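Visitor: Have a look at the structure that comes next, please.
Derivation of every value follows stated rules applied to the coordinates shown; laboratory data play no part. No experiment lies behind these values; they were computed from the predicted model shown.
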């Protein structure tokens with residue numbers, strides 16, 4: 001089964017880690033428009049106040065960790081549209097400015113608040 005995850009922050013990272021821990025044979029493909037994942041934005045105040053000394057501590061996962069679990073992680077890729085009838089997403093590679101379609105069996109939308 002192929003699962004596409006759109007968004008790799010809190011919910012997306014948790015979904016990927018949970019799915020692959022339960023079933024390592026799943027084909028998990030993840031897309032995020034940013035170049036980093038799992039940023040704890042709520043921790044910015046802690047960093048500014050000095051409670052968190054190293055801002056890299058505000059990231060609790062990274063693409064390499066998810067890849068090592070078996071996920072195909074695509075950073076700087078934005079999902080432009082979803083065709084639920086055909087079970088495909090249209091994705092733009094933001095670095096190459098090219099688009100492509102990716103099919104799925106299950107889709108997880110974890111785009112967050114912005």
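Visitor: Antiparallel DSSP bridges in the range 2-109: what percent, to the nearest 5?
Guide: Restricted to the range 2-109, the bridges split so that about 50 percent are antiparallel.
Visitor: Can I ask one more? Can you give me the angle between helix 10-22 and the longest principal axis of the chain, using Cα atoms only, in degrees from 0 to 90, rounded to the nearest 10?
Guide: Roughly 60 degrees, rounded to the nearest 10.
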